[in-house]
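Undergrad: Sharing a structure below in structure tokens format, with a few things to ask.
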Amino acid sequence: MDDFYREFILDHYKRPRNFGTLENPDVTHEEDNPLCGDRIRIDLCLNEDRVADVRFTGEGCAISTAAASILTEKIKGAPLERVKAFSMEEMLEALGVPLSPIRLKCGLLALKVLKTGLYGLKHWPGEEE
Amino acid sequence: MTTPGSTTTAKVRKDLAAGFDVAKARQDFPILREKVQGKPLVYFDNAATSQKPQVVIDTVHEFLATYNSNIHRGVHQLSERGTEAYEQSRKKVQRFINAAESREVIFVRGTTEAINLVANSYGRQHIRAGDEIVISAMEHHSNIVPWQILCEQTGAVLRVMPISDAGEMLIDKYEKLLTSRTRLVAVVHVSNALGTINPVHEIIRLARRQGVPVLVDGAQAVPHLKVDVHELDCDFYAFSGHKVFGPTGIGVLYGKAELLEAMPPYQGGGDMIKSVSFEKTVYNDLPYKFEAGTPHIAGVIGLGAAIDYVNGVGLDRIATYEHGLLEYATEALSAIPSIRIIGTAEEKVSLISFVLDGVHAHDVGTILDHDGVAIRAGHHCTMPLMQRFGVPATARASLAFYNTKEEIDVLVRAIHKAIEMFG
């Protein structure tokens, strides 16, 4: 339990990094997790194939909010190639807590929003319809 | 079949004054001896599904192990026994809800299928473009979406009765929604997300005055209250077996015989016909007209055992005991400053939905789970209702008669833990 809600996760939940919106984002995308009503929106400003700036808003549980916060820290300033290569495994590793199958969706919601926004994807790979 | 029959009922009545023996009731449910995360299970997710008493498990097992067979057609002994047990269950349901005749009891998969049956059969026969269907703001998705589909198909319009901040239906607003265009009213008896016991009697009376038929979604009512369809005078009543201590996959649609008689079949297949030729098929009589294909025989027989069990405990005693639990839990939770209870109606079953300041319902659920407390966190298949209360999700503790005040204490301690962790 204390493993699950580690100080690290709670810190990102209570003081999310890069929280808010951008004025004229190049990419903006929002999705929700219909299971629990969690909602995340990510705005990106791009500059020469790099993420110049990133913000997120939304409402969600500690896991989905912390994941979004951590993700924005990871990709801010990063080249787009790096962002595109950022995997689910990396996301889960960055969270660093074991997630049950149901909570996996919380942990991966922000990454889904980011990738869907970047690729204009309709569906998320590996997700059943 | 094991049937805690009239002698048990009589004994139970005698004990009423002495109070309800929860320790004894708990012994009937083997799952309550399970541990979760090394802690005793505190099962507060009864509105999602109830636990099963040993007698239901044994009855289903006995059918599968000793007289498993298909029904209504075999001439051999097993089939006759199976048919007998299946039809006995129908009579048990009839008496349980006080239907006039057993042919008014249709076995379906659950409340959802019961409502879909009415929408598809009665709905498509009677509802036309411009007609109106009235539901309420606290309906489960299963009493919204079938009507939306029907409206899309027919051009009918869905009208929604608003509710108060306490989570009570606004009957004066409902009265105004009943017009010459209203063709059907479909309302929930007890809200799965708020616990509100709705005044369905009054809702039916007002609809009846205008000649409008009423469907009642009784999924959350049947485990807690005595339901009498004759007294209610509803046209359709739907409920699920698994919420009333029976198996999943089995449910009931009650319908008034004259309505069911006039309705076209919902599904075609075996058992629902009298004769079939390529030129003309003659449909079977009630209730078989609506039971195409081999039904969930084990489920039906298990539901019969569950009803016997509930009758043995006594719904009056269940209601009295559960009301005590509700009062205790409401007081204990209200004493927590950062809690907001969603659904504060006068009349409630033992169900409390709440939100905790700064802690998402999912996190509440996870933290509680670590203490062995099983609750539901989410929108409870009532997204429009969540919107009405301006919350994305709630945590919901739904109690049954086998729950205790001590378990509520465990819940409260776990909530304090969550507050401390996120504070």
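Undergrad: For region A:51-68, which residues satisfy the criterion of being over 18 Å from B:ALA361 (Cβ atoms) and either open to solvent by 10 Å² or more (accessible area, probe 1.4 Å) or touching an Asp or Glu at 6+ places or on another chain (Cβ under 9 Å) (or both)?
TA: A:ALA52, A:ASP53, A:VAL54, A:ARG55, A:PHE56, A:THR57
Undergrad: Where residues in region B:99-118 are among the polar types (S, T, N, Q) and under 17 Å from B:GLN267 (Cα atoms), which of them is most open to solvent (accessible area, probe 1.4 Å)?
TA: Only one residue fits best here, namely B:THR112.
Undergrad: Name the single residue that is nearest to A:ILE63 (Cα to Cα) among those in region B:366-398 being among the β-branched types (Val, Ile, Thr) and in contact (Cβ under 8 Å) with a residue 12 or more places away in the chain.
TA: Out of the qualifying residues, it is B:ILE367.
Undergrad: Would you pick out the residues in region A:20-43 that are surrounded by 14 or more Cβ atoms within 10 Å (Cβ to Cβ) and either of a type in the set (S, T, N, Q) or under 10 Å from A:THR65 (Cα atoms) (or both)?
TA: Hits for region A:20-43 are A:THR28, A:ASN33, A:ASP38, A:ARG39, A:ILE40.
Undergrad: Based on what the data block shows, is A:ALA110 away from chain B (no Cβ under 14 Å), touching a helix residue (DSSP H, G or I) at 6+ places or on another chain (Cβ under 7 Å) and surrounded by 20 or more Cβ atoms within 10 Å (Cβ to Cβ)?
TA: yes
Undergrad: I'm trying to understand the selection: among the residues of region A:15-62, which are part of a loop (DSSP other than H, G, I, E, B) and under 21 Å from A:ARG82 (Cα atoms)?
TA: Answer for region A:15-62, where residues must be part of a loop (DSSP other than H, G, I, E, B) and under 21 Å from A:ARG82 (Cα atoms): A:ARG17, A:ASN18, A:PRO25, A:ASP26, A:GLU48, A:ASP49.
Undergrad: Here's another thing I want to ask about it. Just checking, does region A:13-20 include any residue being at pLDDT below 90, within 29 Å of B:VAL359 (Cβ to Cβ) and at the interface with chain B (Cβ under 10 Å from one of its Cβ atoms)?
TA: Taking every residue of region A:13-20 in turn, none turns out to be at pLDDT below 90, within 29 Å of B:VAL359 (Cβ to Cβ) and at the interface with chain B (Cβ under 10 Å from one of its Cβ atoms).
Undergrad: Another question about this same structure. Scan region A:84-104 for residues that are assigned to a helix (DSSP H, G or I), at pLDDT 90 or above and closer than 14 Å to A:PHE4 by Cα and report the count.
TA: Residues that pass the stated criteria total 5.
Undergrad: Does A:THR116 fit the bill of being outside any loop (DSSP other than H, G, I, E, B), away from chain B (no Cβ under 14 Å), over 23 Å from B:ALA395 (Cβ atoms) and open to solvent by less than 60 Å² (accessible area, probe 1.4 Å)?
TA: yes
Undergrad: Considering each of A:GLU48, A:GLU73 in turn, give the residue that is over 11 Å from the mean Cα position of the chain (by Cα), away from every other protein chain (no Cβ under 14 Å) and surrounded by fewer than 20 Cβ atoms within 10 Å (Cβ to Cβ).
TA: A:GLU48
Undergrad: Within region A:51-64, is even one residue more than 14 Å from chain B (Cβ to nearest Cβ), out of contact with any helix residue (DSSP H, G or I) (no Cβ under 9 Å at 6 or more places or on another chain) and under 30 Å from B:ASP357 (Cβ atoms)?
TA: Scanning region A:51-64 turns up no residue that is more than 14 Å from chain B (Cβ to nearest Cβ), out of contact with any helix residue (DSSP H, G or I) (no Cβ under 9 Å at 6 or more places or on another chain) and under 30 Å from B:ASP357 (Cβ atoms).
Undergrad: Continuing with the same structure: Being within 23 Å of the chain's Cα centre (by Cα), more than 9 Å from chain A (Cβ to nearest Cβ) and open to solvent by 20 Å² or more (accessible area, probe 1.4 Å): is that true of B:ALA397 here?
TA: Against the criterion (within 23 Å of the chain's Cα centre (by Cα), more than 9 Å from chain A (Cβ to nearest Cβ) and open to solvent by 20 Å² or more (accessible area, probe 1.4 Å)), B:ALA397 does not qualify.
Undergrad: Which is open to solvent by less than 40 Å² (accessible area, probe 1.4 Å), in contact with a Phe, Trp or Tyr (Cβ under 9 Å, 6 or more places away or on another chain), modelled with pLDDT of 95 or more and not assigned by TED's automatic domain parsing to the domain that holds B:VAL212, of B:ILE250, B:ILE301, B:ILE318?
TA: B:ILE318
Undergrad: Taking the conditions exactly as written (closer than 27 Å to B:GLN51 by Cα, among the basic types (Lys, Arg), buried (at least 20 other Cβ atoms within 10 Å of the Cβ) and in contact (Cβ under 8 Å) with a residue 40 or more places away in the chain), does B:ARG413 satisfy them or not?
TA: no
Undergrad: Which condition breaks for B:MET138 when tested against (1) buried (at least 23 other Cβ atoms within 10 Å of the Cβ); (2) assigned to a strand (DSSP E or B)?
TA: (2)
Undergrad: Follow-up. Could you check how many residues of region B:178-216 are in a strand (DSSP E or B), open to solvent by 10 Å² or more (accessible area, probe 1.4 Å), farther than 19 Å from B:ALA156 by Cβ and touching a helix residue (DSSP H, G or I) at 6+ places or on another chain (Cβ under 7 Å)?
TA: Within region B:178-216, residues that are in a strand (DSSP E or B), open to solvent by 10 Å² or more (accessible area, probe 1.4 Å), farther than 19 Å from B:ALA156 by Cβ and touching a helix residue (DSSP H, G or I) at 6+ places or on another chain (Cβ under 7 Å) number 0.
Undergrad: With the structure loaded, tell me whether B:PHE96 is in contact with a helix residue (DSSP H, G or I) (Cβ under 9 Å, 6 or more places away or on another chain), more than 30 Å from B:LEU178 (Cα to Cα), open to solvent by less than 30 Å² (accessible area, probe 1.4 Å) and assigned by TED's automatic domain parsing to the domain that holds B:HIS296 or whether it fails that test.
TA: Criteria met by B:PHE96.
Undergrad: What are the residues in region B:336-374 that are under 25 Å from A:LEU10 (Cβ atoms), in a loop (DSSP other than H, G, I, E, B) and either open to solvent by less than 10 Å² (accessible area, probe 1.4 Å) or more than 14 Å from every other protein chain (Cβ to nearest Cβ) (or both), if any?
TA: Correct list: B:ILE336, B:PRO337, B:SER338, B:GLY372.
Undergrad: How many residues does region A:7-18 contain that are surrounded by 15 or more Cβ atoms within 10 Å (Cβ to Cβ) and out of contact with any Asp or Glu (no Cβ under 6 Å at 6 or more places or on another chain)?
TA: 6
Undergrad: Hey, can you tell me all the residues within region B:127-137 that are of a type outside the set (Gly, Ala, Ser) and farther than 16 Å from B:VAL214 by Cα?
TA: B:ARG128
The values are calculated or read from the model by the stated rules, or taken from the named source; none is laboratory data. What you see is a predicted model, and the numbers here were worked out from it, not measured in a lab. Counting neighbours? That spans all protein chains shown, and the Cβs are built from the backbone with ideal geometry, glycine included. Only protein heavy atoms, including side chains, enter the accessible area calculation; ligands, DNA and RNA are left aside. Shrake-Rupley method; radii C 1.70, N 1.55, O 1.52, S 1.80 Å.
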